[in-house]
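> Attaching a single structure in structure tokens format; questions to follow.
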Amino acid sequence: MYKLMKEQNLNWVDLEAGDPVYQSDVVGFGISTEILYTNVLCLLNLMRLEIRSEKRKASDPIILAGGGGLANPVPLMPFIDVFFMGEAEAGLRPLMDILSSDLDKNEKLKKASALPSVLVPKYHNGETVRWATVKELDIDDAPVEQIVPMATVSHDRAVVEISRGCTRGCRFCQASQLSRPVRERSPEDIFKIISGAVHSTGWEQAGVLTLSFSDYSRINSLLKGFSQLEESMHLRISQPSLRPDTLPSVSNRKFFKGSLTMAPEAGSERMRRIINKPLSHDEIIKAAETASKMGARGVKLYFMVGLPGETDEDIVAIANLADSIAKIMGRKRTVTAALSPFVPKPHTPFQWCNQSDYKELWRKIQLVRSSCLKAKVAWNDPRVSIVEHFLCKGDIESQDILEQAYLKGAVFDGWSDQFRWDVWEDLLTAVPDFSPEDALPWDFVDTGIKKQWLKKEYERSALEEILLDCREAGCSHCGGCDGVVLPFPQSVSTTNETAVLSTALPVERIRLRYSKTGLSRFTSHLDMVRMWTRILRRTELPVYYSTGFARRMKLVFSQPIPLGMGSESEYLDFQLMKSVKLDQVLNSIRNVIPTGFEITAAKKISGKYKSPGSLTVAAEYIIDGVDCTEKLIEYLGLNQLVISVSVEDTNRVNIVSDPRKGTSRPDRILEAAGVKWKTIVRKSIFATDHDGHLVTLMALAEGEVINEG
Ligand code: SF4
């Protein structure tokens, strides 16, 4: 798409109105990792803007950036006008008030630079910028009306953040250092957000966002509430994996659906002490035994290679641990050891560590692979981690290198098929070895965590000493909060609830006819099926769900049409648990139906049920922009593929054919005839009535009808 937009000089437009993004007053980037930096430069270019702020015009939009990937913003400073550092709820509003005021661009930036947690490179002279954190997670800040994609995406579900922060203190983890202390939403707020998000989106699934699910302090009431919500809203709430040490206490099988993920991070107990993830070997094995007993289909284990103090024994220990778990799970189930090259990150106790070079990281990955007998091994490309390390510790010099890398073609660095090591290899310079006494390029970003505390943790790691979670062992004065923390989580106790299978039967069946025009003709049939379940969920009509364990809406559609074909006669049947007036059904659907789709008729069906597909005997299509109607007519004359054909005008042809026959599909006929066309629209679908006459499906005498078309 990027290539096409450049070649055809197309604008990058916004979702809501299709307006060019460069016409915005402010363009904000949420940046979660350093590997996305070249994408930011690529999008600045796509907006036809100079990538360097100093070269941009006063009339150009203000470029704003924020997010967890900016703990060290130095590499991006020449390209971004203003950064908001930290958690947006803690101060983004005053900044947006300034950026949306009538001041001119420079005055806005000058005024904004005085705000806490705001970094305006143009006016920054090394002052400290505080990484913002909120004291509490306010329910009003939770996104409920979330954007629902028409096509399938990863994480295609409503998302609710149940807690923020983690104080387990893994020494490699930047997220836990940037988001101390732990703040939680109450179970009541979480349930409100989930039901609000599901009602406004129609999503059939919700996902939980947290750094450590099993550390949620009221986990048992949360899990209980999730079960009730799943039952009452026909919803699936996918939960992140629980920590290995909490798994054995879980007896509910739903936690073991699919593949279980565990993150030991290191293979030996020695290494886990060094990284301060003091899981014992027995705890991990016991968790695997529980998973095996509870029917998990496989186990995915996350490990890092290249950690400080690591020996080859520790590397082989990764393989041994993975193989032990593979032995427990048995040959029919997959156990994968997923290896990530260690990236020492700023603002963590390991910020003073340097990264192993490519050759050494690759040797260690090979050592795990050659030592693993039973488990599968997957790994992230160490070259990408080397670029990530360079950028996350970038100083002033990294800015030109980043720009050069982009100009030489590095973009989408996070995707293995796009990553340009050839570009980066030529440009990268060595990341300096920093000692605890050195000034660090990111020291001006104050996360609240005392440098002295990080240094102490760094020393403890060298001594293989652990530091327990302050929620368990009391405050160790990291500086992350005022010392008042949430209680340590309860142990997870779940009961093996059996779902109450509903036996209630539907009372009514509705048949809709709707059109699919404009851009919506590029919605595939499968995406449309998903779209309709979400539309009907948003209506809150008492739609009937199948009985049984996985309860689904029973939707019946007319024959699918190919992607790109428009239609004025799509049909959908669904059932209701309670009788609802037809016009009420129509109105509630019209309130939530996406642009490009329109209900044109509806009826209640009674008597013996026949699906739209089984009733259909013919369909009428209008083909516009035909480049040679004569050639088409000649071809149809030779091949009996259609019921009738008529030429409406020089470029418009009307075909009636039997949609049950693949060969009679108009697009296939046109291709076979070697004829070009612009658009095809399915105008009507026909059935035969009691007298054998062809009538549209909606005209079939099958009960009360509201016909708008
Ligand atoms: S200041 Fe103390 S209580 Fe607060 S996060 Fe740090 S260690 Fe925990």
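> Sort out which residues of the stretch 174-210 are within 16 Å of the ligand (Cβ to nearest atom) and either at pLDDT below 90 or among the acidic types (Asp, Glu) (or both), and write them in order of number.
Residue satisfying the conditions is 184 alone.
> Among the residues of the stretch 60-86, which ones are in a loop (DSSP other than H, G, I, E, B) and in contact (Cβ under 8 Å) with a residue 60 or more places away in the chain?
71, 72, 73, 77, 78, 79, 85
> Can you tell me which residue within the stretch 19-57, out of those that are under 21 Å from residue 394 (Cβ atoms) and of a type in the set (A, V, I, L, M), is surrounded by the most Cβ atoms within 10 Å (Cβ to Cβ)?
The selected residue is 44.
> With the checklist (1) under 30 Å from residue 457 (Cβ atoms); (2) open to solvent by less than 10 Å² (accessible area, probe 1.4 Å); (3) of a type outside the set (Lys, Arg); (4) not in a helix (DSSP H, G or I) in hand, flag the one item residue 214 doesn't pass.
(4)
> Which of the helices (runs of 4 or more DSSP H) contained wholly in the stretch 87-187 include at least 1 residues that are in contact with a Ser or Thr (Cβ under 7 Å, 6 or more places away or on another chain), surrounded by 15 or more Cβ atoms within 10 Å (Cβ to Cβ) and among the hydrophobic types (A, V, I, L, M, F, W, C)?
Result: 174-178.
> Right, next: Taking interchain pairs and intrachain pairs at least six residues apart, which have beta carbon atoms under 8 angstrom, with the first residue in the stretch 354-375 and under 28 Å from residue 428 (Cα atoms) and open to solvent by 60 Å² or more (accessible area, probe 1.4 Å) and the second at pLDDT 95 or above and not in a loop (DSSP other than H, G, I, E, B)?
From residues that are under 28 Å from residue 428 (Cα atoms) and open to solvent by 60 Å² or more (accessible area, probe 1.4 Å), the pairs are 357/386; 358/382; 358/383; 358/386; 362/382.
> Taking the stated definitions as given, is residue 15 of a type outside the set (S, T, N, Q), assigned to a loop (DSSP other than H, G, I, E, B) and open to solvent by 50 Å² or more (accessible area, probe 1.4 Å)?
In short, yes.
> Now a separate question. Could you tell me whether residue 395 is farther than 26 Å from residue 53 by Cβ, outside the structural domain of residue 80 (by TED's automatic domain parsing) and among the acidic types (Asp, Glu)?
Spelling it out, it is not the case that residue 395 is farther than 26 Å from residue 53 by Cβ, outside the structural domain of residue 80 (by TED's automatic domain parsing) and among the acidic types (Asp, Glu).
> Another question, if that's okay. Do we have residue 506 as modelled with pLDDT of 75 or more, open to solvent by 30 Å² or more (accessible area, probe 1.4 Å), farther than 27 Å from residue 244 by Cβ and assigned to a loop (DSSP other than H, G, I, E, B) here?
Spelling it out, residue 506 is indeed modelled with pLDDT of 75 or more, open to solvent by 30 Å² or more (accessible area, probe 1.4 Å), farther than 27 Å from residue 244 by Cβ and assigned to a loop (DSSP other than H, G, I, E, B).
> Looking only at residues in the stretch 617-629 that are of a type in the set (A, V, I, L, M) and part of a loop (DSSP other than H, G, I, E, B), which one is farthest from residue 561 (Cα to Cα)?
For the stretch 617-629, the residue satisfying everything is 626.
> Further question on the same structure: Which of the residues spanning the stretch 667-683 are open to solvent by 80 Å² or more (accessible area, probe 1.4 Å) and hydroxyl-bearing (Ser, Thr, Tyr)?
Of everything in the stretch 667-683, nothing turns out to be open to solvent by 80 Å² or more (accessible area, probe 1.4 Å) and hydroxyl-bearing (Ser, Thr, Tyr).
> If you go through the stretch 646-665 one residue at a time, do you hit one that is at pLDDT below 90 and on the phi > 0 side of the Ramachandran plot?
So far as the stretch 646-665 goes, no, none of its residues is at pLDDT below 90 and on the phi > 0 side of the Ramachandran plot.
> For the stretch 476-489, what are the residues that are of a type in the set (Phe, Trp, Tyr) and either at positive phi or within 11 Å of the ligand (Cβ to nearest atom) (or both)?
Those that are of a type in the set (Phe, Trp, Tyr) and either at positive phi or within 11 Å of the ligand (Cβ to nearest atom) (or both): none in the stretch 476-489.
> OK, next. Does the stretch 625-636 contain at least one residue that is open to solvent by less than 20 Å² (accessible area, probe 1.4 Å) and under 26 Å from residue 520 (Cβ atoms)?
yes
> Find the helices (runs of 4 or more DSSP H) located wholly in the stretch 239-347 whose residues include 3 or more that are modelled with pLDDT under 95, surrounded by 17 or more Cβ atoms within 10 Å (Cβ to Cβ) and on the phi < 0 side of the Ramachandran plot, and list them.
Hits in the stretch 239-347: 281-293.
> Quick one: in the stretch 603-629, which of the residues that are β-branched (Val, Ile, Thr) and touching a residue at least 60 places away in the same chain (Cβ under 8 Å) is nearest to residue 536 (Cα to Cα)?
Only one residue tops the list, namely 605.
> Check 641, 632 and return the single one that is at pLDDT below 95, more than 40 Å from the chain's Cα centre (by Cα) and either outside the structural domain of residue 679 (by TED's automatic domain parsing) or not in a loop (DSSP other than H, G, I, E, B) (or both).
Of the residues listed, the single one that is at pLDDT below 95, more than 40 Å from the chain's Cα centre (by Cα) and either outside the structural domain of residue 679 (by TED's automatic domain parsing) or not in a loop (DSSP other than H, G, I, E, B) (or both) is 632.
> Test each condition in (1) open to solvent by less than 10 Å² (accessible area, probe 1.4 Å); (2) out of contact with any Lys or Arg (no Cβ under 7 Å at 6 or more places or on another chain) for residue 62 and report the one that comes out false.
So residue 62 meets the others, but not (2).
> Within the stretch 456-475, can you find the residues that are under 22 Å from residue 437 (Cβ atoms), within 14 Å of the ligand (Cβ to nearest atom) and open to solvent by less than 70 Å² (accessible area, probe 1.4 Å)?
Within the stretch 456-475, 457, 460 meet the criteria.
> Hey, could you check the stretch 443-455 for residues that are closer than 18 Å to residue 183 by Cα and not aliphatic (A, V, I, L, M) and say which is farthest from the ligand (Cβ to nearest atom)?
So, considering only residues that are closer than 18 Å to residue 183 by Cα and not aliphatic (A, V, I, L, M), the one farthest from the ligand (Cβ to nearest atom) is 447.
> Between a first residue in the stretch 581-602 that is at positive phi and a second residue that is open to solvent by less than 30 Å² (accessible area, probe 1.4 Å) and assigned to a helix (DSSP H, G or I), which pairs have beta carbons less than 9 Å apart while being 6 or more apart in sequence or on different chains?
596/520
The values are calculated or read from the model by the stated rules, or taken from the named source; none is laboratory data. Source: prediction; values computed, not measured. Ideal geometry is used to build each Cβ from the backbone, glycine not excepted, and the neighbour counts take in all protein chains shown. To get the accessible areas, we keep the full protein, side chains included, count just its heavy atoms, and leave off ligands, DNA and RNA. Shrake-Rupley method; radii C 1.70, N 1.55, O 1.52, S 1.80 Å.
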